Amino acid sequence: MTDPAGTQPPEPFRPALLIIDVQEDFCPPHGALAVPDGRAVVPVANALLALPFVYKIATKDHHPPGHVSFASSHAGAAPFASSTTIANPANAAETYETRLWPEHCVAGTPGNALARELDAARVEHVVLKGLDPRVEMYSAFRSPLRDPPLPSATSELAYILRARGVTDVFVVGLAGDYCVFWSASDCAEDGWRTYVVEEGVRSVGGQEGWEKAKRELEGKGVRIVSADGEEIEWVRNLAA
Ligand code: VGL
Ligand code: ZN
C-alpha cells in the first residue's frame, strides 16, 4: 500500500485538529456518561496536539442544569432507554426524536472539565456546545434544527475555521456514534475535507456502535484514517 515516494497532500493543505468532548463525564471510571474505554482517546489526541496543525480546537459539551437531553428533566424517563421529541422553539412543526441521558457535563461541575490527562495547554480554542436548555446539540457546529436555524445552538466553529483558512479537518474524541459523528458529518457537509482518526474515537455503543457510524460517515464523504496513516504524515511534514 505504501507509496515509496510518499503520497502528496491536497493543495492547498491547511489542516485543523478538532477534539470532540474529551471531558471527565465521558471518561471511565467516574464519568456520569462514561463511554466504554473513553479515556483511551487521550494519548491519541495528545500525540496529534504535538503536530503542526494550523489550528487546534477542542469542544466541550456544556449543559445548563435541567437540559432537555437529561432523563431527569422528563417525568418517568430513564437514561439511555427513553427518548423524547424536541421541537424547534421558533417552529413547532420542526421536530426530532432524541435519546435521553444521565445528567452530564453541567457547566461548573467537575465532570464538565476536559479529561485531566489531555494536553490542554496546546489547545488554542475551546468551543462550547449544548448551552441552550431547550435543544440537543451533538454537533460542534449546530443543532439539527434548521428551519429556521437557532442562533443559541450555532457555534462559532465554522466562522473560525474559515477565518483561519482551514481546508482539512481531522476529528477525534467522544463519542464516535454521537458527537463525533454529527460534528464530522456537518463538517463535510459544510465543505471541509473531513477525516476521523479512528484510534482517537470510542463510542457509546462500543465497537458495534462505531462500525455503524463509520459506514454512515463514509457514505457522507468523511474519510476514516489511521493515526499512522499517510494523512497524518502530511501534517507531520508541514514542519519540514
Ligand atoms: C454526547 C451524549 C450526550 C457526546 C453528548 O459528546 O457524544 N453524547 N451528549
Ligand atoms: Zn450532552
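No value in this document is a laboratory result; all are computed from the given coordinates. Remember, it's a predicted structure, so these values are computed and weren't measured experimentally. All Cβ positions, even for glycine, are placed from backbone atoms using ideal geometry, and neighbour counts span all protein chains on display.
Of note:
- Residue in segment 186-240 that is nearest to ligand 2 (Cβ to nearest atom), counting only those that are aromatic (Phe, Trp, Tyr) and in contact with a strand residue (DSSP E or B) (Cβ under 7 Å, 6 or more places away or on another chain): 210
- Whichever residue in segment 91-111 is small (Gly, Ala, Ser) and under 22 Å from residue 128 (Cα atoms) and, among such residues, is surrounded by the most Cβ atoms within 10 Å (Cβ to Cβ): 111
- Subset of segment 20-67 [among the small types (Gly, Ala, Ser) and touching a helix residue (DSSP H, G or I) at 6+ places or on another chain (Cβ under 6 Å)]: 31, 32, 38, 66
- Residue in segment 197-205 that is surrounded by 24 or more Cβ atoms within 10 Å (Cβ to Cβ), touching a residue at least 60 places away in the same chain (Cβ under 8 Å) and acidic (Asp, Glu) present: no
- Which listed residue, of 203, 183, 155, is polar (S, T, N, Q) and over 15 Å from residue 57 (Cβ atoms): 203
- Selected residue (criterion: nearest to ligand 1 (Cβ to nearest atom)) from residues of segment 110-151 that are in contact (Cβ under 8 Å) with a residue 12 or more places away in the chain and of a type in the set (Ser, Thr, Tyr): 138
- Note on segment 152-169: residues that are over 23 Å from residue 113 (Cβ atoms) and in contact (Cβ under 8 Å) with a residue 40 or more places away in the chain amount to 7.
- Residues within segment 93-109 that are polar (S, T, N, Q) and not in a loop (DSSP other than H, G, I, E, B), tallied: 2
- Filtering segment 24-51 to residues that are within 13 Å of ligand 1 (Cβ to nearest atom) and out of contact with any Leu (no Cβ under 6 Å at 6 or more places or on another chain) leaves 24, 27, 31, 32, 33, 34, 36, 41.
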